[in-house]
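Since the structure comes first, as structure tokens, the remarks are kept for the end.
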């Protein structure tokens, strides 16, 4: 029987799923991270090939009708030299169908809905809103990286937490709640007294934060969610406003297609996620379940013209060799 393969190639791990035409999982595989922004291209390509090989197991690779790889950092493949590394690795697998690389946002959207059109809003370390048409990403709002954007992301929330702490230090405000937590996390300081000491601590905080990669600011985001004092609530509210605005910017007036939320900042237990859902009330708002299932759905569309035989509502770890539809 023929089958398709879906792959979720992330920064820390790569997972592959082989599914037959009846929607049954017939193989799974896992390998190391495969984001070409954070791994050498040859290593990333090898990890994807390893995960696919493990998922196929004893299956005939020539009966693979299509393979879709949802990849963080897929834009790297616009470089012909890097694309060539991946293409040679995939060609060596001897698959019957082509391997297609798509954005992880496209796979995430497909994991939550069989609708071909809609919006996917991603907010983890970074953030982006994507307009999906015919299951392809056609335009974006936000997502310009830490220097130019990523509004409402964990990076952005962490940066705002540090800014609020610096404001408290300079404004002679009480150093409790969020400012106290940031100081303890960043430089191990507790309750500096007097203007001179506050100034010195402020300089230490600035130096410590600037001495690290900017993305490390994301580590302060959990403090905002946990403490929820006045500064934290202001950050949470602004983050939700920015994320909802970006999502709506990708949509036509009166559009009724689904909005799929992806990432830790938008989780159901996240205060930002709760507020974003409030701001999008009246629309169909879904949560992404698993990118590897979305990639398998996209592969099924390419191979057989339909995604509906692949259900995405259950943990794949418990579904090996079981019916998905």
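The values are calculated or read from the model by the stated rules, or taken from the named source; none is laboratory data. Nothing here was measured: the structure is a model prediction, and the numbers come from that model. Cβ: placed from backbone, ideal geometry, glycine included. Neighbour counts: every protein chain shown.
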Exercise. Which residues, taken from the stretch 192-226, are under 16 Å from residue 265 (Cβ atoms) and modelled with pLDDT of 90 or more?
Worked result: 217, 218, 219, 220, 221, 222, 223, 224, 225, 226
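Taking the condition of being in a loop (DSSP other than H, G, I, E, B) and without any contact (Cβ under 8 Å) to a residue 40 or more places away in the chain, how many residues in the stretch 285-301 meet it? Outline the logic, then answer.
At the first step, the residues of the stretch 285-301 found to be in a loop (DSSP other than H, G, I, E, B) are 288-290.
From what's left, without any contact (Cβ under 8 Å) to a residue 40 or more places away in the chain: none.
Counting residues in the stretch 285-301 that are in a loop (DSSP other than H, G, I, E, B) and without any contact (Cβ under 8 Å) to a residue 40 or more places away in the chain gives 0.
Would you confirm whether any residue within the stretch 152-159 is in the same structural domain as residue 246 (by TED's automatic domain parsing), in contact with a strand residue (DSSP E or B) (Cβ under 6 Å, 6 or more places away or on another chain) and over 29 Å from residue 6 (Cα atoms)?
The first filter runs over the stretch 152-159 and keeps only residues in the same structural domain as residue 246 (by TED's automatic domain parsing), leaving 152-159.
Filter once more, keeping what is in contact with a strand residue (DSSP E or B) (Cβ under 6 Å, 6 or more places away or on another chain): 152-153.
The next check asks that each one be over 29 Å from residue 6 (Cα atoms); those that pass are 152.
Within the stretch 152-159, one or more residues are in the same structural domain as residue 246 (by TED's automatic domain parsing), in contact with a strand residue (DSSP E or B) (Cβ under 6 Å, 6 or more places away or on another chain) and over 29 Å from residue 6 (Cα atoms).
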Exercise. Just checking, which of 234, 221, 249 is surrounded by 14 or more Cβ atoms within 10 Å (Cβ to Cβ) and touching a strand residue (DSSP E or B) at 6+ places or on another chain (Cβ under 9 Å)?
Worked result: 249
